[in-house]
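To keep things clear, I will list the structure first and then write my remarks on it.
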Amino acid sequence: MTWTRKHLLTIEELSAEEIMLALDTAASFKEVSTRTIKKVPALRGKTVVSLFLEPSTRTRVSFELAAKRLSADTLSITAQASSITKGETLKDTARNIEAMNADFVVLRHSAAGSPKFLADRLNASILNAGDGAHEHPTQALLDAFTIREKLGRIAGLNILILGDILFSRVARSNIWALTKLGARVTLCGPTTLVPAVFRELGVTITTRLDDALCEADVVNLLRIQHERQRKTLFPSTGEYSRLFGLSRERFRLTKPDVLIMHPGPINRGVEIASEVADCPRSVILEQVTNGVAVRMAALFLLNGVQNRIAQGVPPETLQPRENSVSPPGESDLVADATA
Ligand code: CP
């Protein structure tokens, strides 16, 4: 399997084989971050611009680290520190960034579809770092990577996604990735936040949290996305926590080898008890570690396609096997001697 995409916009559009290629590529890059010199030359001379128009800690920092570890030049723009506060549009901001010859734009934006909007208008490769409640593809890839790394497989696992599904881009991208890879995905949360229409994505919906916890191999918790809710969809945070929070008592219902996951930021005492967040079954910080490897993989694969196009191969003729990008070879993983 080889990679032919110039942009990473959604998990929905990826095949299971493409997702597995991204995970295998990330596995090759994970070791780089454990070296004394955490750098390989794969993106030397390339420029990666992070355009984060919504707050972020994990995604912004790990994309920046990933780009630096691939030897790219990086810069980061946030909404508050940009001319967007003076009324400049997203398109104009991005076109100005591209006029400075950026090769990659990593975009986080509150509007669903904004990465596609830029991909249709710019020459740079666009990476979706979260667009509204739509998708967060690299989060789903790092979640799938972590599950495969810890449990050895994804197909056939029972994966419970618990919390605010309706407003969660993480939930949507996870559902696409995990169902494509053969997992059984169950959603649980307040009925107002878990609409029945999600069944069309091939998942099970339940309100029987205790039963779902007993059966789960993985519990992926989501926080309440207050920033996207325009009205109150449940009585109070306290009631949410009592009915749907993963308390110490509820944690006792889970399998002994269950994985506890959360994309972060966590709200201790709301969707997850502190003791559960910090217990040995929690892989929340390992997810963060794996995020760097997954984002290195995403940049590496897109860069390979960019290089093919620069060599004169028209994007529409990029075909698997002939002109597309394979996982990193030994030369891609040699330490950058100039670092
Ligand atoms: N998981 C995640 O997207 O976290 P940040 O908002 O901190 O990037």
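Annotations for the structure displayed:
- Think of the chain as having a plus end and a minus end, set by charges on the Cβ of Lys, Arg, Asp and Glu; of 206, 225, 25, 225 sits farthest toward the positive end of this dipole.
- Restricting the trypsin sites (Lys or Arg not before Pro) of the range 166-241 to loop positions (DSSP other than H, G, I, E, B) with no more than 15 neighbouring Cβ atoms within 10 Å leaves 208, 230, 231.
- Three-way shape call for the range 219-297 based on the alpha-carbon gyration tensor, with the a/c threshold at 1.5: oblate
- Farthest toward the positive end of the dipole of the chain, out of 216, 119, 272, is the Cα of 272, where the dipole comes from beta carbon charges about the Cα centre.
- Loop-located trypsin sites (Lys or Arg not before Pro) in the range 75-144 whose Cβ has at most 10 other Cβ within 10 Å (DSSP): none
- At R0 = 25 Å, FRET efficiency that the Cβ-Cβ distance of residue 253 and residue 278 yields, to 0.05: 0.85
- Dipole magnitude for the chain: computed about the Cα centre from +1 point charges on Lys and Arg Cβ and -1 point charges on Asp and Glu Cβ, it is near 380 debye.
- The gain in end-to-end length when the residue 243 to residue 120 segment is fully stretched comes to 39.9 nm, 0.36 nm per residue minus the alpha carbon separation.
- Candidate cross-link partners of residue 86 among the lysines, defined by an alpha-carbon separation under 20 Å and a same-chain spacing of 8 or more, are absent.
- Separation between Cα centres of the range 9-76 and the range 182-225, rounded to whole Å: 29 Å
- Cα-derived Rg to Rh of the chain, Kirkwood definition: 0.97
- Using a cutoff of 8 angstrom between alpha carbon atoms and counting only pairs six or more residues apart, the relative contact order for the chain works out to 24 percent.
- Cross-link reach list, lysines versus residue 91, counting only Cα pairs under 28 Å and skipping chain neighbours closer than eight places: 6, 46, 68, 116
- Gyration tensor (alpha-carbon) shape descriptor, the range 112-242, a/c threshold 1.5: oblate
- Separation of alpha-carbon centers, the range 92-126 and the range 247-276, rounded to whole Å: 37 Å
- Among the trypsin sites (Lys or Arg not before Pro) found in the range 252-317, those both in a DSSP coil and sparsely packed, with 13 or fewer other Cβ atoms within 10 Å of their Cβ, are 252.
- Relative to the current alpha-carbon distance between residue 289 and residue 73, full extension at 0.36 nm per residue lengthens the span by 75.6 nm.
- Difference of contour (0.36 nm per residue) and Cα-Cα distance, residue 13 to residue 95: 27.0 nm
- Rounded to the nearest 5, the antiparallel percentage of DSSP beta bridges internal to the chain is 5%.
Values in this text are rule-based calculations from the coordinates and carry no lab data. Everything numeric here is computed off the predicted structure, so don't read it as measured data. As a convention, Cβ positions derive from the backbone with ideal geometry for all residues, glycine included, and neighbour counts pool all protein chains shown.
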